[in-house]
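Okay, structure first, notes after.
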Amino acid sequence: MFSTIHSLAQTLLKVAATALFIITTYTVISFTGDISTGLDQGFSQERQVDMYHLTDTLVDPEEFWNFRQSQEQMETIASFYQELTSSETFTFLSIFNQPLFAHDFMGGETFDASFGTESGGQGEYIDDISGRKTRAVKSIQLNQQAFQFYGLTLSSGSVPQWNSITPQSIEIPVVLGHDYQEIYSVGDIIDVEYYFRETTLRVSGFLEEGSSIYLQGTFNTYLDDQIVIPYPQSLSLSDSSAFEHEGILFFAMIGGNIVAPQGTSEEMILSSLSETATASHFHDYTLLNVPTYLIEFTLMRNLVRDNLATLIALGVVITITLGASLSFLSRALLTQRSHRYRILWTSGASLHGLVKKNTLYLVGEYAACAGVVLMARLVLLPNIQNITALTVASLMLSTIFITEAFSHRVIIHRKLVKPT
Amino acid sequence: MLQLTHLHKSFHESNGSTRQVFDDADFRLLPHEKSLAVVGRSGAGKSTLLRILSGLDQQFEGLYSFKGAPLAQNESEMAAFRRDHVGIVTQRYELLPHRSLLNNVMLGAVSPRTTREDAEHYLDLVGLSDSKRKKVRELSGGEAQRVAIARALVKNPDFVFADEPTGALDEATEDAVLGIFQRLQGEGVRFVIATHSNKVKSVCERVVRVHNYKLVDDPIGKQHHHNQ
């Protein structure tokens with residue numbers, strides 16, 4: 001009984017050590033990849049920029065409505081946007097996340113604007129006016145400068161022609177997040193209500209998996225489940241009947257982030273904005289400081305970046321230590337089993353049969369190990385979606401199993417055949 | 001009859017040299033012979049002969065036959081030969097110390113035909129039926145050797161090859177083990193025993209000596225011990 005329990009304990013220890021080894025490897029690879037990607041994103045030290053948030057100050061709905069009825073006022077905001085985007089002092093990243101009302105939408109509830117939030121949302125419903133099935137879906141609108149600043153790239157399709165998009169466009173080329181790849185194809189259309197106007201979106205391409213931007217205080221706002229709508233490059237007005245759409249669009253477009261090279265003082269930014277306002281006659285804006293926690297976050301990023309090598313080295317050391325322990329355990333288990341194999345062999349069991357028996361033990365151990373890794377992955381690391389790390393971990397587990405099976409085969413032959 | 005003819009066997013040493021053990025040696029265990037002792041100086045090749053006879057070592061030249069039919073020198077056929085015809089006893093017992101006596105004896109039962117009752121029968125035969133639940137680590141050397149003998153016998157083999165079976169035992173225990181051997185010979189079990197012990201030689205019907213890479217009958221040694 002003691003022997004059985006001892007052997008079982010060793011086997012369980014080996015399964016646990018192997019699982020821990022694979023999970024550590026998976027985490028180290030995943031961490032290394034994520035941290036590198038993370039450091040490359042946003043206003044990292046390498047980009048050497050500071051960021052400010054720009055927003056309008058028309059908070060009173062009546063004042064806001066009146067503003068949008070006036071062609072003269074509308075021209076000031078259009079001019080203000082043009083001045084913002086042509087500034088030589090800073091870059092203006094226009095970004096907003098207005099949900100779209102998509103008709104006959106082919107995706108599921110995970111694309112719903114309320115999915116993952118505390119508000120229940122409407123889900124899919126029949127639109128009173130069009131009579132079509134409709135769902136409010138997640139969407140990000142941004143200008144070309146923002147698209148380029150965040151280094152967004154496509155996994156398929158092509159980037160929309162920014163200069164082909166105007167405020168009057170009723171068909172707009174869009175790029176979709178990675179999760180849409182199973183649902184729509186390049187060239188498909190999605191009918192939506194976009195800022196109070198029925199618009200046809202034509203799929204131009206799909207973003208790389210894990211693409212993200214900084215949005216409203218959140219560094220990694222992932223775009224995998226978003227419809228990304230390009231803003232027009234320049235703003236022009238049509239007649240007043242379109243002001244409802246264009247007014248909201250223009251105001252949305254002047255909301256965003258200003259990024260300036262590090263060393264550019266806030267006074268310089270404000271001075272430049274003031275000149276912009278004077279030139280466009282639009283003064284209803286305000287510049288917000290970067291929140292304190294974002295500064296702290298930046299410091300934390302710097303700390304992580306500065307110690308990245310140490311963290312990775314620590315992970316590698318843990319992985320190597322676990323690997324060595326695993327090797328020791330495996331050898332101890334084999335030695336224990338070999339004693340039994342020797343008795344069985346001298347009693348008439350064939351070498352081939354014993355190697356097969358040992359391989360079956362290993363299959364059991366590694367199946368248990370794969371189960372533990374899978375469970376740990378689902379329960380403990382649900383937010384890590386690194387396919388590369390998962391592939392490497394699976395390959396490592398397979399390699400260890402195959403190596404062990406073959407080395408055991410050789411060792412069993414040697415231990416048994418060698419005279420004592 | 002068990003017969004090994006024109007046996008050539010040599011070992012490659014770690015220093016690159018070759019050590020000859022047998023050169024055109026012949027071995028026979030005749031049908032009527034119930035026990036045979038193999039003697040010779042240390043390193044002469046007694047254990048090697050037993051390993052060859054039991055099929056644990058297939059790296060030799062020569063013709064090995066059982067009941068007139070040649071045995072192929074390959075792993076699977078020799079394993080089958082051991083399984084069906086051979087029991088092995090070694091000087092170091094080769095038992096699992098944390099397992100019970102019964103469990104250890106059952107390890108010798110590679111064939112599914114062997115039952116737990118067979119194991120209990122052979123433990124009874126070596127006088128250990130009352131201790132079958134004991135762990136091997138609790139046994140004395142003599143008791144451990146008796147468990148190893150029971151394990152060798154549990155599949156009811158035609159031959160038992162024993163390599164220095166009393167080499168690690170004191171005189172009284174050696175007598176007890178030899179008593180068991182003699183009793184088993186009476187029940188039809190045939191023994192080939194590699195030994196240095198005069199007592200062991202004295203209970204065997206024939207003695208062969210490993211000498212100058214050959215196997216030669218040793219009637220003088222046998223007679224000498226009978227006279228003692």
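The values are calculated or read from the model by the stated rules, or taken from the named source; none is laboratory data. This one's a predicted model, so the numbers in the text were calculated from it and none came from an experiment. All Cβ positions, glycine included, derive from the backbone under ideal geometry; neighbour counts span all protein chains shown. Areas reflect the complete protein model, heavy atoms only, side chains present, ligands, DNA and RNA absent. Shrake-Rupley method; radii C 1.70, N 1.55, O 1.52, S 1.80 Å.
Measuring heavy-atom accessible area with a 1.4 angstrom probe and counting protein chains only, the residues of the range A:320-348 that give up at least 10 Å² relative to the chain alone are A:H339, A:R340, A:R342, A:I343, A:L344, A:W345, A:T346, A:S347, A:G348. Once the 1.4 Å probe is applied to the protein heavy atoms, the range A:58-283 comes out at 45 Å² accessible per residue. Working note: Karplus 6.51/-1.76/1.60 with θ = phi - 60° gives the range A:184-189 the couplings 10, 10, 4, x, 5, 10 Hz, where Gly and Pro are set to x. With each label modelled as a point 7 angstrom along the Cα→C-beta vector, the A:E88-A:I170 pair spans 4.2 nm. Under a Gaussian network description of chain A, with springs only between Cα atoms under 10 Å, the residue in A:P232, A:P99, A:P261 that fluctuates furthest is A:P261. Of the residues B:P165, B:P70, B:P157, the one that moves most in a GNM of chain B with alpha-carbon contacts below 10 Å is B:P70.
A crude spin-label estimate for the pair A:A367 and A:Q122, with each label 7 Å from Cα along the Cβ direction, gives 5.2 nm. For the range A:363-371, putting each phi into the Karplus relation 6.51 cos²θ - 1.76 cosθ + 1.60 with θ = phi - 60° gives couplings of 4, x, 4, 6, 5, 4, 5, 4, x Hz, in residue order, rounded to whole numbers and with x for Gly and Pro.
For A:V317 and A:Q161, what is the calculated FRET efficiency with R₀ set at 51 Å and r taken between the beta-carbons, to the nearest 0.05? Once the sixth-power term is evaluated, E becomes 0.50. Figure legend: label point modelled 7 angstrom from the Cα of B:H32 along Cα→Cβ; residues of the range B:193-219 with amide N under 20 Å from it are B:203-208, B:217-219.
Pairwise Cα separations in the range A:179-230 fall into 10 Å bins from 0 onward with the following percentages, short to long: 22, 46, 30, 2.
The calculated FRET efficiency for A:F64 paired with A:K133, based on their beta-carbon distance and R0 = 30 Å, is about 0.45.
Of all segments of chain B bounded by trypsin sites (Lys or Arg not before Pro) found in a DSSP loop with no more than 11 other C-beta atoms within 10 Å, the longest spans B:134-228. A Förster radius of 45 Å combined with the Cβ-Cβ distance from B:K214 to B:A172 puts the calculated FRET efficiency at roughly 0.80. Estimated at 0.36 nm per residue, the fully extended path between B:K199 and B:D23 surpasses their Cα-Cα distance by 60.5 nm. Of all DSSP beta bridges confined to the range A:58-283, the antiparallel ones make up roughly 75%.
Taking 0.36 nm per residue of separation and subtracting the Cα-Cα distance, full extension of the segment from A:T310 to A:A405 would add 30.7 nm. Couplings for the range B:138-154, taken from phi via the Karplus curve 6.51 cos²θ - 1.76 cosθ + 1.60 with θ = phi - 60°, read 8, 8, 7, x, x, 5, 4, 5, 5, 5, 5, 5, 4, 5, 5, 8, 4 Hz in order; Gly and Pro are left as x. Taking the range B:42-58 and a reference point 7 angstrom along Cα→Cβ of B:N74, the backbone N atoms nearer than 18 Å belong to B:55-58.
Comparing mean-square fluctuations of B:L169, B:L30, B:L178 from a GNM of chain B with C-alpha springs under 10 Å, the top value falls on B:L30.
Simple spin-label estimate for A:S271 and A:I183 gives 4.9 nm between the two label positions (7 Å along the Cα-to-Cβ direction from each Cα).
Which lysines have a Cα less than 22 Å from the Cα of B:K46, not counting those fewer than 8 places away in the same chain? Answer for B:K46, where 22 Å is the Cα cut-off: A:K415, A:K418, B:K9, B:K34, B:K199, B:K201, B:K214, B:K222, listed by chain and number.
Taking amide hydrogens as placed 1.01 Å from N in the peptide plane, the amide H of A:T55 sits under 5 Å from those of A:T286, A:L288, each at least 5 positions away in sequence or on another chain.
Per the helix-only calculation at 222 nm, which mean residue ellipticity applies to the protein assembly as shown, given -39500 (n - 2.57) for every DSSP H run of n ≥ 4 and division by its residues, nearest 500 deg cm²/dmol? About -15000 deg cm²/dmol. Buried area at the B:A interface is about 1800 square angstrom, summed over both chains, from accessible surfaces computed with a 1.4 angstrom probe. Once C-alpha pairs closer than 8 Å and six or more residues apart are averaged by separation and normalised to the residue number of chain A, the relative contact order reads 26 percent.
Residues whose amide H comes within less than 5 Å of that of B:S35, counting only those at least five positions distant or on another chain, are B:F191, B:E205, B:R206 (H built at 1.01 Å from N in the peptide plane).
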